[in-house]
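Here is the structure we will look at, set down as structure tokens.
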Amino acid sequence: MPSDTSAPTAAPGYRALLRDREFAGLYAGFTLTAAATTLSGFALGTLVNDQTHSPFLTAVSMYGATFATVLGALTLMSVADGKRPRRTLVALQCVSLAGVAAQAIPGLPLAARFGLLLVLGFFQSLGTGTRMGLLAEVVPTSTYALARSLMNITSGGMAVLGYATGAVLQRYLSPQGVFVVAAVLTGLGLAAVATTVREHSIRLTRRPGLRQTWTTNAALFSHPGRRALLLNLWVPNGLIVGCEALFISYDPGHAGTLLAAGSAGMLLGDLTVGRLLTADGRRRGAFALRLLLAAPYLLFAVHPPVLVSAAAVFVASAGFAATLPLQEQLLELTPDPVRGQVQGVESAGRMTWQGLGAALAGAAAQHLSPGTAITAAAVVSLLVTVVSRPSVVRAGAIAGGADRPGAALRRRGRAG
């Protein structure tokens, strides 16, 4: 029976998913947006580093948009489950296009650039929730994990290309020129969504807003199993992103190489875990992957040669694939009517912790060497993973077994 069940899942594969016009459009929009975000983040980080020579400000500039995602999760994330998610996503893509284009204005003060980051982060969090809610409608439940895997792989691939391309472009263009390229990619992503994705009238019967967002969030955090899953989706990943945020300060001449190595490792990990492992295999390997995510960064304490550093970053980044089984467990504990909001909160919290990780690591590097700060962040990530493991195991047992613990969230989702 297990083999009969798994065979149909493996047979369609990624190409079968991409033959669906709506998924292909949603995927293309995500891909182009991810590439634009990587390019603009690299350009802004380089610009801030050149102007300030501050590890803290450089780290925050690369991941500063993530600070505002928590505001989206706490206030208006319920729009992700509104009656017209396509229209919402298109509108949010337009805001992103305007924000990236504004970064290309020559001579824009750094304060204005950081302000733009916060505005974009707020709307990007809503866009992520809306996109993931649409994804759950566009693809069958049986292929949802495969679709998320493909998006995770693409995110890693676009980061590899984005950092590598950004490093090349900045040899010939100013940072403002790189921002223009990012704006063009954002516009193409907007066009892909607008021309392919249909409107879906789903989920909520009440108008989305602050009260609806708070009601669903309260139900989401009411159960310790869900809290444990969110903790492990947010904190270890965020601290390791903090390590990555220090690469420019750690080794300016090879930062692009280290960032590309990390993205390549993430791509390989997502491909292996999402495509080649079964759901049970993903769950069994999740803890080891979370350990792998941080352990190789301990080498940075001795400032190894760049090839060793790049190899360590590559291997460690495969551990980001632990996100997929944790997301699957969270989805199993989430009722259909509020899937968009719950996934938006998960993504917003993960992005916020990336910003916090970058800020904490950057602040530590102000007083310690960047290599020491990277090592310290890795140690804390390992501690969080080990200490929280029993709670994650219990959450996995709940997700794979009885449906009862999700009843409160389900009742509130239907009532909304």
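The values are calculated or read from the model by the stated rules, or taken from the named source; none is laboratory data. As the structure is a prediction and not an experimental result, all values here were calculated from the model. Cβ sites come from the backbone with ideal geometry, for glycine too, and all protein chains shown count toward neighbours.
Here are the numbers for this structure:
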quantity: Where P337 falls short, out of the listed (1) farther than 21 Å from A167 by Cβ; (2) at pLDDT 80 or above; (3) out of contact with any Cys (no Cβ under 9 Å at 6 or more places or on another chain); calculated: (2)
quantity: Answer from L89, L126, L97, L118 - the residue that is touching a Gly at 6+ places or on another chain (Cβ under 8 Å), closer than 23 Å to T31 by Cβ, surrounded by fewer than 24 Cβ atoms within 10 Å (Cβ to Cβ) and not basic (K, R); calculated: L97
quantity: Selection from segment 61-84 of residues that are surrounded by 24 or more Cβ atoms within 10 Å (Cβ to Cβ) and at pLDDT 75 or above; calculated: S61
quantity: Count of segment 129-172 residues which are more than 26 Å from F314 (Cβ to Cβ) and assigned to a helix (DSSP H, G or I); calculated: 15
quantity: Long-range neighbours under 6 Å by Cβ, at least six apart or interchain, first residue touching a residue at least 24 places away in the same chain (Cβ under 8 Å) within segment 162-177, second surrounded by 15 or more Cβ atoms within 10 Å (Cβ to Cβ) and not in a helix (DSSP H, G or I); calculated: Q176/A104
quantity: Among the residues listed as G157, G187, the single one being modelled with pLDDT under 90 and either surrounded by fewer than 19 Cβ atoms within 10 Å (Cβ to Cβ) or closer than 25 Å to G265 by Cα (or both); calculated: G157
quantity: Failed condition for P305, given (1) in contact with a helix residue (DSSP H, G or I) (Cβ under 9 Å, 6 or more places away or on another chain); (2) at pLDDT 80 or above; calculated: (1)
